[in-house]
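The values are calculated or read from the model by the stated rules, or taken from the named source; none is laboratory data. Everything numeric here is computed off the predicted structure, so don't read it as measured data. Neighbour counts run over all protein chains shown; Cβ positions are idealised from the backbone, glycine included. Please note that ligands, DNA and RNA were not included when accessible areas were found on the heavy atoms of the full protein model with its side chains. Shrake-Rupley method; radii C 1.70, N 1.55, O 1.52, S 1.80 Å.
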Amino acid sequence: MAKIIVVTSGKGGVGKTTTSASFATGLAARGKKTVVIDFDVGLRNLDLIMGCERRVVFDFVNVIQGEANLRQALIKDKNNENLSILAASQTRDKDALSEEGVEKVLNDLAKEFDYIVCDSPAGIERGAHLAMYFADEALVVTNPEVSSVRDSDRVLGLLSSKTHKSEKGEGRVREHLVLTRYNPVRVEKGEMLSVKDVQDILAIPLLGVIPEASAVLTASNSGAPVILDQNNEAGQAYDDLVARFLGEDRPHRFVEVQKKGFLSKLFGG
């Protein structure tokens with residue numbers, strides 16, 4: 001049976017879609033048949049980050065409304081046959097999504113895929129609710145700043161009370177913390193919350209810390225998930241995140257200030 005994972009947050013611009021793209025790509029690279037769905041109806045960014053925007057003919061809403069079938073709408077990733085993308089519509093609004101329609105699409109996908117990754121829009125409105133409603137697990141993405149963490153805390157409340165699992169008394173959605181745009185130097189200066197600060201507030205298990213890196217923007221602009229670039233710290237951190245999710249024991253990197261060695265100090269490196 002497929003596992004449904006929602007990538008969510010309360011605040012916009014924290015890196016949900018970047019995380020969804022890299023997480024899904026990492027699962028597929030490890031042999032897991034994976035589909036990633038863009039729930040952000042009306043905006044649609046996932047296809048840009050996945051580099052398939054010109055291949056979108058039919059979208060998620062077309063499938064829900066019976067205007068196309070899944071085989072027509074699913075886009076196979078160019079680099080990995082285990083990965084497929086279901087794009088959002090740019091021309092409809094979030095009211096085009098229905099609980100029954102989303103459930104049917106997820107049930108149909110579950111027959112074919114190991115993992116279904118739901119890239120949620122920001123906030124707590126309809127699209128975000130439907131993205132999390134049928135989830136088994138959640139990646140809660142937040143930045144190390146008070147407003148972002150506070151909004152994520154509100155999302156945790158919804159995950160515990162407004163999902164199919166909670167309504168049916170089938171337990172809780174399993175929650176994982178993903179801390180993005182983390183800069184240990186700024187943490188030391190008191191300009192950012194520390195990993196411990198965020199963990200103390202949200203009280204959910206830490207899955208990954210993604211360092212602040214220009215490579216994330218470069219990857220997004222080039223239509224390639226940053227996890228594919230293992231020469232930069234953000235790509236390595238996402239690879240660690242996927243490995244931990246699948247049960248591998250990996251230490252958290254990029255959370256401490258890197259101390260300069262003697263030669264670096266000597267030559268000003």
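Of the whole protein surface, residue 58 contributes about 60 Å² of accessible area at a 1.4 Å probe radius.
Once backbone amide H atoms are built at 1.01 Å from N, residue 135 has 164 as its partners under 5 Å, excluding neighbours fewer than 5 places away on the same chain.
Applied to segment 215-227, the Karplus parametrisation 6.51 cos²θ - 1.76 cosθ + 1.60 on θ = phi - 60° returns per-residue 3J(HN,Hα) values of 4, 5, 5, 4, 5, 4, 5, 8, x, 9, x, 5, 4 Hz, with x for Gly and Pro. Placing +1 on the Cβ of every Lys and Arg and -1 on the Cβ of every Asp and Glu, with nothing else charged, gives segment 93-227 a dipole about its Cα centre of roughly 280 debye. The trypsin sites (Lys or Arg not before Pro) of segment 40-133 meeting both criteria, a DSSP state outside H, G, I, E and B (loop) and at most 13 other C-beta atoms within 10 angstrom of the site's C-beta, are 78, 111. The separation of segment 193-210 from segment 65-121, counted between C-alpha centres, amounts to 31 Å. The value for segment 1-76 of Rg(Cα) / (2.2 N^0.38 Å) is 1.13. In the elastic network of the chain, a GNM with C-alpha springs shorter than 10 Å, the most mobile of 37, 75, 204 is 204. Considering only 225, 173, 156, and ranking their Cα positions along the charge dipole of the chain that arises from unit charges at the beta-carbon of Lys, Arg, Asp and Glu, the one farthest toward the positive end is 225.
Expressed to the nearest 5 percent, the antiparallel share of DSSP beta bridges inside segment 3-246 is 5 percent. A probe of 1.4 angstrom, applied to the heavy atoms of all protein chains, finds residue 214 with accessible area near 100 square angstrom. The charge dipole of the chain, taken about its Cα centre with unit charges on the Cβ of Lys, Arg, Asp and Glu (plus for the first two, minus for the last two), comes to roughly 480 debye.
The trypsin sites (Lys or Arg not before Pro) found in segment 164-266 that occupy coil by DSSP, while having at most 16 further C-beta atoms within 10 Å, are 168, 172, 189, 253, 259, 260. The tail of the calculated P(r) for segment 3-246, taken as Cα-Cα distances beyond 28 Å, holds 26 percent of the pairs. Computed from Cα atoms, the angle from the helix 146-161 axis to the main principal axis of the chain rounds to 40 degrees. In the chain, helices alone account for a calculated mean residue ellipticity at 222 nm of -11000 deg cm²/dmol, with every DSSP H run of four or more residues adding -39,500 (n - 2.57).
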